[in-house]
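Reading through the structure tokens given below for one structure.
The values are calculated or read from the model by the stated rules, or taken from the named source; none is laboratory data. In this text the structure is predicted, and so the values were computed from the model without any measurement. Positions of Cβ are generated from backbone atoms using ideal geometry, with glycine treated the same way; all protein chains shown enter the neighbour counts.
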Amino acid sequence: MEPYLSDIFESAMLVTFGVAWPANILNSLRVKSSRGRSVTFLKIIILGYIFGLAAKFLSSKPINYVVFFYFLNLIMVGIDLFLYYYYLNKEKPKHL
């Protein structure tokens, strides 16, 4: 099975987007804060990756390596979303 040119470009797009997530995760770990983060943005990105995966699984074309990049990006954004809620919870005042 030879790759479709559209799959190559789709993979390039996903890799390009995916390069930003490790930096974002490292920044979250470094600053240990949820301030300045957009949880809505992260949820929209997750939804977009889910839609992309759905399109791949519902397509008449065979499922190929591109799905890996969707899952990889989805996992990284999920980690970033987890860190957002983790640090948000730590920032809440503790009541006695």
| task | May I ask you to list the residues in the stretch 63-85 that are under 16 Å from S38 (Cα atoms) and either basic (K, R) or touching a residue at least 24 places away in the same chain (Cβ under 8 Å) (or both)? | result | M76, V77, G78, I79, D80, L81, L83, Y84, Y85
| In this structure, is L72 hydrophobic (A, V, I, L, M, F, W, C), in contact with a helix residue (DSSP H, G or I) (Cβ under 7 Å, 6 or more places away or on another chain) and buried (at least 16 other Cβ atoms within 10 Å of the Cβ)? | no
| remark: R35: passes all of (1) without any contact (Cβ under 8 Å) to a residue 12 or more places away in the chain; (2) loosely packed, with under 13 Cβ neighbours inside 10 Å but (1)
| task | Would you check which residues across the stretch 19-31 are among the aliphatic types (A, V, I, L, M) and either under 16 Å from E91 (Cα atoms) or touching a residue at least 12 places away in the same chain (Cβ under 8 Å) (or both) and list them? | result | I25, L29, V31
| query | Tell me, which residue of the stretch 39-53 that is surrounded by 15 or more Cβ atoms within 10 Å (Cβ to Cβ) and among the hydrophobic types (A, V, I, L, M, F, W, C) is farthest from the chain's Cα centre (by Cα)? | reply | L53
| message | Suppose we filter the stretch 54-83 for residues that are within 13 Å of the chain's Cα centre (by Cα) and farther than 16 Å from V15 by Cβ; how many remain? | response | 6
| query | If you go through the stretch 34-58 one residue at a time, how many are among the hydroxyl-bearing types (S, T, Y) and touching an Asp or Glu at 6+ places or on another chain (Cβ under 7 Å)? | reply | 1
| Within the group S38, S34, which residue is under 30 Å from E91 (Cβ atoms), modelled with pLDDT under 95 and touching a Phe, Trp or Tyr at 6+ places or on another chain (Cβ under 6 Å)? | S34
